[in-house]
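Here, each number is a calculation from the coordinates, and none is a lab measurement. A quick note: this is a predicted structure, and the numbers were derived from the prediction, not measured. Cβ sites come from the backbone with ideal geometry, for glycine too, and all protein chains shown count toward neighbours.
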Amino acid sequence: MSLNCTSESLGQKGHTDHITVAELVARLSGLPPELPVLVEGYESGWDAINDIRTATLVRRKQITNCDGEYEELEEGELEPASSLQAVLIAGIQK
């Protein structure tokens, strides 16, 4: 079963389409509640969720294949107008 979270619905690298908390909850609400939720592993496979939190992000100026589109602001760094408050769901990094 797919929740239609494809590159077309969420945006590909270099695009800024986002899924909101409300959209994610709506998509998950029809699934059996006992199913585990996993996130993509670093290079392959799937990992358990280790952390869910909010953070202020900025879009990277240059995006490589191994980096995400956004990065967190460093402690004390000024928040640019283009920053984005987001929910981060992180897997266990081994």
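What nm value, rounded to one decimal, do you get for the distance between residue 56 and residue 22 when each label is placed 7 Å out toward the C-beta?
The two pseudo-label positions are separated by 2.5 nm.
Which GluC sites (Glu not before Pro) in the stretch 31-66 sit in a loop by DSSP (not H, G, I, E or B) and have at most 15 other Cβ atoms within 10 Å of their own Cβ?
Here the GluC sites (Glu not before Pro) that fit, given the DSSP loop and packing criteria, are 34, 43.
Can you sort 56, 20 from fewest to most other Cβ atoms within 10 Å of each residue's own Cβ?
20, 56
When a footprinting reagent is the concern and you count Cβ atoms within 10 Å, what order do 60, 53 take, fewest first?
53, 60
With a point put 7 Å past each Cα toward its Cβ, work out how far residue 47 is from residue 89 in nm, to one decimal.
Each label point lies 7 Å from its Cα, and together they span 1.5 nm.
Are there any chymotrypsin sites (Phe, Trp or Tyr not before Pro) in the stretch 17-94 that are in a DSSP loop and have at most 12 other Cβ atoms within 10 Å? List them by number.
Sparse-neighbourhood loop chymotrypsin sites (Phe, Trp or Tyr not before Pro): 42.
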